[in-house]
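A short worksheet on the structure shown next.
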Amino acid sequence: MYFNGDSSITAISAELPWFAIQVRTRYEKQVAQSIESKKIHTFLPLYAARRRWSDRTKEVHVPLFDGYVFCQLDPCERMPVLVTPGVLQFVGIGKTPVPVEQGEIAAIQKLVQFGSVVRPWPFLREGERVRVDDGPLRNVEGILLRGEDADEVVVSITLLQRSVAVKIDRALVTPIRTWMRKPAAAETRWEEARFASG
């Protein structure tokens with residue numbers, strides 16, 4: 001499940017880059033809806049988690065990347081986002097927002113769009129990189145985790161140093177040789193990324 005706002009503004013923003021915004025924890029949904037009301041395309045990936053209270057257990061949908069909302073906009077026109085209640089800052093270098101790598105955001109969108117069972121995972125930079133060859137997750141790239149019962153592919157947002165894992169049939173993936181893959185721009189700049197206040 002995900003919050004991915006008004007489809008009527010998708011065509012307008014199709015060519016604009018995606019940015020990560022740091023927001024107050026537990027305010028992600030409210031912030032996403034507020035930004036969307038300003039006609040700015042937002043993306044808030046959610047996953048189903050079980051929460052236990054003293055008298056019951058309930059399934060709730062919570063952000064995959066707690067404390068962050070993604071938005072697609074011209075960075076020169078970011079002031080309406082910055083003044084939104086609950087927004088802390090854009091993720092970037094110094095005071096310059098840095099876009100999220102397009103391939104990474106597209107992979108996360110595909111995971112949630114097709115209802116894949118995803119969950120947060122510790123950030124991984126090294127491992128056996130694979131590409132999904134078939135099914136709804138076709139062309140998604142990540143790092144393969146081999147398990148006793150099932151395999152998972154870990155997909156990362158390098159700029160945030162955050163990852164998510166999704167179960168996958170091993171027969172559907174192919175290893176990616178390093179010489180076949182162009183390094184993502186985000187991989188070369190993540191170490192410089194700092195939170196920007198403007």
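The values are calculated or read from the model by the stated rules, or taken from the named source; none is laboratory data. Note that the structure is a prediction, hence the values are computed from the model and not measured. Positions of Cβ are generated from backbone atoms using ideal geometry, with glycine treated the same way; all protein chains shown enter the neighbour counts. Ligands, DNA and RNA are stripped out before the accessible areas are found, and what is left, the full protein with its side chains, is counted by its heavy atoms. Shrake-Rupley method; radii C 1.70, N 1.55, O 1.52, S 1.80 Å.
For the range 108-182, the carbon plus sulfur part of the accessible surface works out to 48%, probe radius 1.4 Å. The loop-placed GluC sites (Glu not before Pro) in the range 122-182, going by DSSP, that have at most 15 neighbouring Cβ atoms within 10 Å of their Cβ come out as Glu126, Glu128, Glu148.
Stretching Val117 away from Gln102 to a fully extended chain increases their span by 3.2 nm, per 0.36 nm per residue minus the current alpha-carbon distance. Placing pseudo-labels 7 Å out from each Cα toward the beta carbon at Glu15 and Ile93 gives an inter-label distance of 2.5 nm.
At 1.4 Å probe radius, can you tell me the per residue accessible area of the range 18-172 in Å²?
51
Residue separation of Leu172 and Arg51 scaled by 0.36 nm, minus their Cα-Cα distance, works out to 40.3 nm of gained length.
A straight line joining the Cα centroids of the range 155-176 and the range 45-107 runs 19 Å.
What trypsin sites (Lys or Arg not before Pro) in the range 77-184 are in a loop by DSSP, with at most 10 other Cβ atoms within 10 Å of the Cβ? Don't skip to the end; give the middle numbers.
Values: sites: Arg78, Lys95, Lys110, Arg125, Arg129, Arg131, Arg138, Arg146, Arg162, Lys167, Arg170, Arg177, Arg181; in loops: Arg78, Lys95, Arg125, Arg138, Arg146, Arg177, Arg181.
Qualifying residues, ordered by number: Arg146, Arg177.
Stretched out straight at 0.36 nm per residue, the stretch from Met79 to Asn139 would grow longer than its current Cα-Cα span by 18.1 nm.
Chymotrypsin sites (Phe, Trp or Tyr not before Pro) within the range 17-109: which are DSSP loop residues with at most 13 other Cβ atoms inside 10 Å? Passing both the DSSP loop test and the Cβ count: Trp53.
Oblate is the label for the range 120-162. Its Cα gyration tensor axes, ordered a ≥ b ≥ c, give a/c of at least 1.5 and b/c at or above a/b. Here's how it looks for Ile168: its modeled amide H is under 5 Å from those of Asp151, Glu152, Val153, which are all 5 or more places away or on a different chain.
In sequence order, the range 147-160 has phi-based couplings of x, 5, 9, 7, 9, 9, 10, 9, 10, 10, 9, 4, 4, 8 Hz under the Karplus curve 6.51 cos²θ - 1.76 cosθ + 1.60, θ = phi - 60°, and Gly or Pro positions carry x.
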